[in-house]
1. Could you tell me whether any residue of the range 81-98 is closer than 30 Å to I38 by Cα, surrounded by 17 or more Cβ atoms within 10 Å (Cβ to Cβ) and modelled with pLDDT under 90?
2. State the number of residues belonging to the range 1-37 that are farther than 17 Å from D60 by Cβ and aliphatic (A, V, I, L, M).
3. Within the range 41-72, take every residue that is surrounded by 15 or more Cβ atoms within 10 Å (Cβ to Cβ) and closer than 30 Å to D140 by Cα and give me the one that is modelled with the highest pLDDT.
4. So how many residues does the range 98-126 have that are under 14 Å from F138 (Cα atoms), assigned to a helix (DSSP H, G or I) and charged (D, E, K, R)?
5. From the list L95, L86, L36, pick out the single residue that is over 30 Å from I20 (Cα atoms), in a helix (DSSP H, G or I), within 24 Å of the chain's Cα centre (by Cα) and among the aliphatic types (A, V, I, L, M).
6. Go through the range 18-40 and report how many residues are hydrophobic (A, V, I, L, M, F, W, C) and loosely packed, with under 12 Cβ neighbours inside 10 Å.
7. Does K52 satisfy the criteria of being of a type in the set (K, R) and not in a helix (DSSP H, G or I)?
8. S110: among the hydroxyl-bearing types (S, T, Y) and in contact (Cβ under 8 Å) with a residue 60 or more places away in the chain, yes or no?
Amino acid sequence: MRAAKINSTIKSTIQYWKHISHDIHEPCNTDDYHKLSIILDKLLDIVGEDEKHELIGLVDVISHMITMFDERENYQIKGLSGIKALKFLMAEHHLNQSNLPEIGSQGVVSEVLRGKRKLNVTQIKQLSKRFHVSPNTFID
């Protein structure tokens, strides 16, 4: 694409994005998820089986966002304490204490695993992102 065409595309995208960005984004909770699911259903009604429809790219993007949310939520380990869940995930991923920079130094990780120190909000967010699980997995 030429630079002028790219600039024109970006300007058009900005013009329309402000109208849909409050609905079309990675779902952060079940309300966002349900809203995206409704939008996807309506888009699929419009697109039908037409793989060349002008909205097929939007269908693909929303489908991907919904799938990623499903995978994060369904991989949550239920019934385990945060520390047990972390130990389980470490074993599953063949990690040792030095492989968790999200928590801190090996000494900090050791204190967390022994229950001497609690995970903070930042550490929980980073761990949930790394392991694709709900932040609730690490909260006791």
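1. No.
2. Qualifying residue count for the region: 6.
3. That would be M65.
4. Adding up the residues that qualify gives 1.
5. Only one candidate qualifies: L86.
6. Counting residues in the range 18-40 that are hydrophobic (A, V, I, L, M, F, W, C) and loosely packed, with under 12 Cβ neighbours inside 10 Å gives 3.
7. yes
8. It is false that S110 is among the hydroxyl-bearing types (S, T, Y) and in contact (Cβ under 8 Å) with a residue 60 or more places away in the chain.
The values are calculated or read from the model by the stated rules, or taken from the named source; none is laboratory data. Since this is a predicted model, take the numbers as computed values, not measurements. Counting neighbours? That spans all protein chains shown, and the Cβs are built from the backbone with ideal geometry, glycine included.
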